[in-house]
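> Input: one structure, supplied below.
The values are calculated or read from the model by the stated rules, or taken from the named source; none is laboratory data. Quick caveat: nothing in here was measured; it's all calculated off a predicted structure. In this analysis, Cβ positions are derived from the backbone assuming ideal geometry, glycine residues included, and neighbour counts consider all displayed protein chains.
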Amino acid sequence: MDEWRTLSYRKVISAIKKQKEPITSYEDAIKIPDIGHRTAEKIAEIVKTGNLKRLQHISEGEEVIKKFGVGATTAMKWYAKGYRTFDDILKNVELTHAQRIGIEYFDDLQEKIPRDEVLEISERVKEAACKVDPDLLCITVGSYIRGQPTCGDIDILITKNDGDGKINYDDFSKLLHILHEQGLLTHDLIKHHVEEKASSKYYGLCRLPGGKHHQIDFFIIPFNELGAALLAYTGNDIFNRSIRLLAKKKKMNLNQHGLYKNVSRGPGKSKSEGVLIAQRTEKEIFDALGIPWR
């Protein structure tokens, strides 16, 4: 539904841009192709008042929608029920652990993280990982690896460059324990472990002494999946969607675990994962897709 609405508004914007005369009323707006009654009313309101009342209401409820642990669907359900503030939610909704923490540290979590602070936190994680096992490899990805001056959160891939390249879950638990003891990790939000894939996800909050709380995410992966994981977690979103679409056009499937061929697809999803052809390095995935590696 949101995708169709977005497409519809893009058509409206395109139609408005083509107009050679100013739009000053509902009558002017309704004459434009691709603009219906309700859209024409909104245009007329903006022309007359310089604003749109509905957007003001949404803005007032914006702090609800920004919350960690709240997806767009949940946020809109709350909005539809008339909840506009944190107090509204606390009084009427049974929140998850992650949502309560998101509200408690709302102001901190809206702050961008300076690059040097991301580096310091990453180095502390690496030092703690080395205490658990010197073969553990920690790579900070996301907007940091893309060279951005600030980051919204801190994403770290953790793998093991030794043996089968799989991290024992007990070792990961030891790492989390050390980081909690050091005071770097302050809150656990979500832990998810898949034994057969030797992979884990962890979402939590971290903080340097005297600093603000930031979201930190760990992704535990087998070493042989490192190339695919680097592609997936480096981003950005546009790049990820583009390269996965290219794989799909070549009758392949690319995800954070690897690149697969001979994929059998059903309506909207794969019926068969297919045959693994590349995953260990980014270059071998690019080569398999026919993309020049630089």
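> Cβ contacts < 6 Å: first residue among the small types (Gly, Ala, Ser), restricted to the stretch 64-83; second residue surrounded by 12 or more Cβ atoms within 10 Å (Cβ to Cβ) and modelled with pLDDT of 65 or more, any location; separation 6+ or different chain. Result?
From the stretch 64-83, the pairs are Gly69/Thr96; Gly69/Ala98; Gly69/Gln99; Gly69/Gly102.
> All but one of (1) touching a Gly at 6+ places or on another chain (Cβ under 8 Å); (2) modelled with pLDDT of 75 or more; (3) not hydroxyl-bearing (Ser, Thr, Tyr) hold for Lys67; state the number of the condition that does not hold.
(2)
> Listed residues Leu208, Leu175, Leu179; which is among the hydrophobic types (A, V, I, L, M, F, W, C), in contact with an Asp or Glu (Cβ under 7 Å, 6 or more places away or on another chain), on the phi < 0 side of the Ramachandran plot and not in a strand (DSSP E or B)?
Selected residue: Leu208, the only one of Leu208, Leu175, Leu179 that is among the hydrophobic types (A, V, I, L, M, F, W, C), in contact with an Asp or Glu (Cβ under 7 Å, 6 or more places away or on another chain), on the phi < 0 side of the Ramachandran plot and not in a strand (DSSP E or B).
> Evaluate the following for Asp188: is it surrounded by fewer than 18 Cβ atoms within 10 Å (Cβ to Cβ), over 14 Å from Gln215 (Cβ atoms) and not assigned by TED's automatic domain parsing to the domain that holds Gln256?
On the way: surrounded by fewer than 18 Cβ atoms within 10 Å (Cβ to Cβ): yes; over 14 Å from Gln215 (Cβ atoms): no; not assigned by TED's automatic domain parsing to the domain that holds Gln256: yes.
When the stated conditions are applied, Asp188 does not pass them.
> Of Gly210, Gly204, which residue is free of Cβ contacts under 8 Å to residues at least 12 places away in the same chain and in the same structural domain as Val141 (by TED's automatic domain parsing)?
Unique residue meeting the criteria: Gly210.
> Could you say whether any residue in the stretch 113-130 is part of a strand (DSSP E or B), surrounded by fewer than 14 Cβ atoms within 10 Å (Cβ to Cβ) and either among the polar types (S, T, N, Q) or at pLDDT 90 or above (or both)?
yes
> Same structure, new question: Just give me the residues in the stretch 220-266 being in a helix (DSSP H, G or I) and surrounded by fewer than 16 Cβ atoms within 10 Å (Cβ to Cβ), in sequence order.
Matches in the stretch 220-266: Asp237, Ile238, Phe239, Arg241, Ser242, Leu245, Leu246, Lys248, Lys249.
> Also, quick follow-up: Any idea how many residues of the stretch 148-172 are crowded, with 16+ Cβ neighbours inside 10 Å and assigned to a strand (DSSP E or B)?
The total comes to 8.
> If a residue has to be under 39 Å from the mean Cα position of the chain (by Cα) and surrounded by 11 or more Cβ atoms within 10 Å (Cβ to Cβ) to count, how many in the stretch 15-36 make the cut? Full working, then the answer.
Step one: filter the stretch 15-36 for residues under 39 Å from the mean Cα position of the chain (by Cα), giving 15-19, 23, 29-30, 32-36.
Those left that are additionally surrounded by 11 or more Cβ atoms within 10 Å (Cβ to Cβ): 15-16, 19, 23, 29-30, 32, 34-36.
Residues in the stretch 15-36 being under 39 Å from the mean Cα position of the chain (by Cα) and surrounded by 11 or more Cβ atoms within 10 Å (Cβ to Cβ): 10 in total.
> Is it true that Cys138 is within 21 Å of the chain's Cα centre (by Cα), free of Cβ contacts under 8 Å to residues at least 24 places away in the same chain and within 27 Å of Lys174 (Cβ to Cβ)? Quick ask: steps written out before the conclusion?
On the way: within 21 Å of the chain's Cα centre (by Cα): yes; free of Cβ contacts under 8 Å to residues at least 24 places away in the same chain: yes; within 27 Å of Lys174 (Cβ to Cβ): yes.
When the stated conditions are applied, Cys138 passes them.
> Consider Asn168 carefully, then state whether it is in the same structural domain as His213 (by TED's automatic domain parsing), in contact with a Leu (Cβ under 9 Å, 6 or more places away or on another chain) and of a type in the set (S, T, N, Q). So that I can check it myself, show each step before the final result.
Working: in the same structural domain as His213 (by TED's automatic domain parsing): yes; in contact with a Leu (Cβ under 9 Å, 6 or more places away or on another chain): no; of a type in the set (S, T, N, Q): yes.
For Asn168, the condition - in the same structural domain as His213 (by TED's automatic domain parsing), in contact with a Leu (Cβ under 9 Å, 6 or more places away or on another chain) and of a type in the set (S, T, N, Q) - is not met.
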